[in-house]
Structure formats: structure tokens, C-alpha cells
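*Asks:* This is the structure I want to talk about, given as C-alpha cells.
Read the figures in this text as sums done on the coordinates, not as results from a lab. For clarity, every value in this text was computed on a predicted model and none was experimentally measured. Here the Cβ is made from the backbone with ideal geometry for all residues, glycine too, and neighbour counts use every protein chain on show.
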Amino acid sequence: MRKSNRLLCLALLLVVIVLALIPAACGISGYKTFTLKRGIGYFTFEYPSNYKVARMEVQDGGLFYTDVILNGPFLEKEQDFPLIGVLISRISEQQPNKEAAAEELLSLVSAFPDFKLLERSQVTVDGSEGDQLTFSYAQAVAGQSLSTISRDAFFEQGGLIWNITMRSPATILEANKAHFEHLLQTFRVLN
């Protein structure tokens, strides 16, 4: 009888351990899902669970854009926080394609102090080929110069230019690189 009780307890313990590991193995742990079904572009993606929606702006008249910003946790040492952004705009004469949108961003940020283009590469987001920029710059935060890294992916889908960005203090570069890659892998344009 005692041997069967031990086997039963061991089997139950094994089941509990397996059930505890399933969410982590499936990538569920640590991420939430954001979905937007209004404005000019409907989309969904996974983002770090400690981020909060800070701004959602949908402009259907005139400019036709959607802008979403999620802020990460405030970093006491840096006096700043990382952020995720999604900007969607219609293809126009001013921005005829993703390359023009990327060049416009580079022309704006190249005026920032200590600007440096770190990488320019190709990326695939939801089956669409795009351009990815990684650059650094200095920004004034609480009277100090803070080194900041920005990653931006541009792609076209459905007559729209999509810009996904993640900006963060350079001190948390590696963690946010993994979050950005996860965001791009889980990003889906909804019909």
C-alpha cells in the first residue's frame, strides 16, 4: 500500500511540474497581447507584460494615421523608460514607400547629439519584407546625457506604411533587443 501511495504522489508531482512548465515553454510567460481594431490599420502583437499603453491616437480624417505608444517600466538610474511604438500611415506623395519613410526618420534623427547609425538590415514582419534601422543618440534626461538606442522596422502592407519602433536606454540594450525581436515575430496585420 505504501509503495502505491508513493507512486501516486510521484505521478501527481510529475503532473504538477509538467503543467507548471507548459506556459514557459510556449512563450506565454512574461508577455501580453495588444490588439487594435480601429483606425487605418488593424493589428496585434505580444509585448512585455510590464509595459503599459501610454497613448493611442487614431486619425481617420485628413492625415490618416494610427499611433500607439506603450511605455516600459521607469528606470530610476537612467531617469527614463523604454517604449514601443507603432505608427501606421497611408502611402502618399510625401512617403511613397517604406524606404522613403526610413530615410525621413534618418534625416530627422541624424541631427540628434551623438547620432550613429549602428545597423541597417532587412527584416520580415508578418510575411512582408522590410527595412530595419538600429541607431544610437544622446538625449538630455534630468540634466544628464543619456545614451539611447532605437530600433525601427518599416514594411508595407495593404497600401499602408508600418513603422514599429522600440526605444530604450543603452544600459538595457540586450533585454530590449530580445523584446523587439519577439514583438516583430508576433506582429500580425489583421484584415
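*Asks:* For a distance above 16 Å, tell me the whole-number percent of Cα pairs in region 31-81 that qualify.
*Replies:* Above the 16 Å cut-off, region 31-81 has 51 percent of its Cα pairs.
*Asks:* First select every other residue whose beta carbon is under 13 angstrom from the beta carbon of ARG188; then total the charges, Lys and Arg +1, Asp and Glu -1.
*Replies:* Every neighbour counted, the sum reads -1.
*Asks:* Per the Debye formula with a single identical scatterer at each Cα and no solvent contribution, what log10 I(q)/I(0) holds for region 30-190 at q = 0.11, 0.17, 0.18, 0.20 Å⁻¹?
*Replies:* So the normalised log intensities work out to -0.43, -1.06, -1.18, -1.43.
*Asks:* Please report, in cubic angstrom per residue, the volume enclosed by the convex hull of the alpha-carbon atoms of region 58-128. Don't jump to the answer; show the numbers that get you there.
*Replies:* Numbers: hull volume 11.1 nm³, N = 71.
Measuring per residue, one finds 157 Å³ for the Cα hull of region 58-128.
*Asks:* Given contacts defined as C-alpha pairs under 8 Å and at least six residues apart, what's the relative contact order of region 30-190, whole-number percent?
*Replies:* Relative contact order comes out at 23 percent.
*Asks:* To continue, here is another question. Give, as a single signed number, the net charge of other residues whose beta carbon lies under 10 Å from the beta carbon of MET56, with Lys and Arg counted +1 and Asp and Glu -1.
*Replies:* 0
*Asks:* Just subtract the alpha-carbon distance of LYS37 and LEU75 from 0.36 nm times their residue separation and send over the number in nm, one decimal.
*Replies:* Here the segment from LYS37 to LEU75 would lengthen by 10.6 nm.
*Asks:* Rg/Rh for region 110-165 to two decimals, with Rh computed the Kirkwood way over all alpha-carbon pairs. Please list the in-between numbers first.
*Replies:* Numbers: Rg = 14.0 Å, Rh = 12.6 Å.
Ratio of gyration radius to Kirkwood radius for region 110-165: 1.11.
*Asks:* In the neighborhood of PHE155, defined by Cβ-to-Cβ distances under 13 Å, what is the net charge if each Lys or Arg adds +1 and each Asp or Glu adds -1?
*Replies:* That sum, taken over residues with Cβ under 13 Å, equals -4.
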